[in-house]
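Inspection log for the structure reproduced underneath, given as structure tokens.
The values are calculated or read from the model by the stated rules, or taken from the named source; none is laboratory data. All values reported here derive from a predicted model rather than from experimental measurement. Here the Cβ is made from the backbone with ideal geometry for all residues, glycine too, and neighbour counts use every protein chain on show. To get the accessible areas, we keep the full protein, side chains included, count just its heavy atoms, and leave off ligands, DNA and RNA. Shrake-Rupley method; radii C 1.70, N 1.55, O 1.52, S 1.80 Å.
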Amino acid sequence: MTVQVPAGLRDQPGWDPTWAPWLDRLPRLVGDVLDDWGLTPEGEPAHGRCALVLPVRTADGAPAALKLGWPHEEARWEHLALQHWHGHGAVRLLRADPARWALLLERARPVDLTTVDDVTACQVVGGLYRRLHRPPPPQLPRLSHLARGWADRLQGLPNDAPLPRRLVEQAASLARDLADGPGVDTHLVHTDLHYENVLAAGREPWLAIDPKPCAGDPAFEPAPMLWNRWPEVVADGRPRTALHRRLWALVDAGGLDEDRARAWVVVREMTNALWCIEAATRARRPLTTADRALLTRTVTLAKGVQD
Ligand SMILES: Nc1ncnc2c1ncn2[C@@H]1O[C@H](COP(=O)(O)OP(=O)(O)O)[C@@H](O)[C@H]1O
Ligand SMILES: [Mg+2]
């Protein structure tokens, strides 16, 4: 059978030259994996930014979800993290073919944490941190190594980059200090746990999906819970209060070190800004309106968690 690639996935910005060829291969790939694994599609495909997810039935009639991911480095070890969790706090991995970036997952319900108020969602996610943060499998990339790379690149930003230099310098120095200190590579961390990556389920109220795992620091986790649902943060003109409410809920429910959590937010925000500037520079184009909005957000956030 042929599965149509949803328009919403096709419309994602093709920031990488491998994106369009992967999209073109996708219908064929889905058909092959369905055949090879004896799966029957059941309902419309879902997608995020980087994957197609098709509800299916297995040969013995069990509901499942087939995920075909766009091949990129951050998602390389998704199957390993899910396998390691054995369904504790995350959906179960039923089968994987890393060469085809294909995963067969326990099917969750089509309800995510955007349906819950943000602070309650932060409490749920903090509870998940406690279950997901275990000793890491040895294959995973190490946060210390990643953070040193970000520090070098931040330091290399030109002085006229459209960011407060003080924040750039601070992020680079925090990244180095955290990378060189103890406790930085000690736990399996999800790194992309946000409202849309937590789904309602039958056997537990909420389960994580879509890890971009590394061997890292539990306090690395909160940033995506702060930058997502951003309009709610700035809605009443007091972003600092809204950010602190979210961060406290995450730190408290997750048993995180608050100072480290703040420090990683600064590092991650300035690194997001760095990627945005680097992408424009690589493409030899000026920053777009969306780029500038992202830079403003990163600065508001990095300042807001420190005030
Ligand atoms: N196990 C699952 N059960 C049901 N739906 C799922 C499952 N995994 C993913 N989905 C749906 O597919 C969407 C995209 O999956 P996700 O793993 O988050 O990929 P992406 O990398 O594209 O964000 C999710 O937002 C959700 O709607
Ligand atoms: Mg996702």
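Listed values, structure above:
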read-out	value
Matching option when the condition is closer than 30 Å to P286 by Cβ, open to solvent by 30 Å² or more (accessible area, probe 1.4 Å), touching a residue at least 60 places away in the same chain (Cβ under 8 Å) and of a type in the set (K, R), among R165, R153, R142	R153
Residue list for segment 28-62, restricted to those being within 16 Å of ligand 2 (Cβ to nearest atom), under 15 Å from W101 (Cα atoms) and touching a Leu at 6+ places or on another chain (Cβ under 8 Å)	H47, A51, L52, V53, L54
Odd one out for D112, checked against (1) more than 16 Å from ligand 2 (Cβ to nearest atom); (2) over 23 Å from T40 (Cβ atoms)	(1)
Filter result (farther than 18 Å from C122 by Cα and either outside the structural domain of A172 (by TED's automatic domain parsing) or open to solvent by 40 Å² or more (accessible area, probe 1.4 Å) (or both)) within segment 249-286	W275, E278, T281, R282, A283, R284, R285, P286
Unmet requirement for G31, which otherwise passes all of (1) within 12 Å of ligand 1 (Cβ to nearest atom); (2) farther than 30 Å from C276 by Cα	(1)
Elements of type helices (runs of 4 or more DSSP H) contained in segment 172-269, each with 2 or more residues being away from ligand 2 (no atom under 16 Å from the Cβ)	230-234, 239-254
Tally, over segment 60-108, of residues that are assigned to a helix (DSSP H, G or I), open to solvent by less than 30 Å² (accessible area, probe 1.4 Å), at pLDDT 95 or above and out of contact with any His (no Cβ under 9 Å at 6 or more places or on another chain)	4
Subset of segment 178-203 (residues that are within 13 Å of ligand 1 (Cβ to nearest atom), out of contact with any strand residue (DSSP E or B) (no Cβ under 9 Å at 6 or more places or on another chain) and either open to solvent by less than 40 Å² (accessible area, probe 1.4 Å) or among the aromatic types (F, W, Y) (or both))	D192, H194
Residues satisfying the stated conditions in segment 162-171, i.e. in contact with a Leu (Cβ under 6 Å, 6 or more places away or on another chain) and either within 16 Å of ligand 2 (Cβ to nearest atom) or within 17 Å of D259 (Cβ to Cβ) (or both)	A171
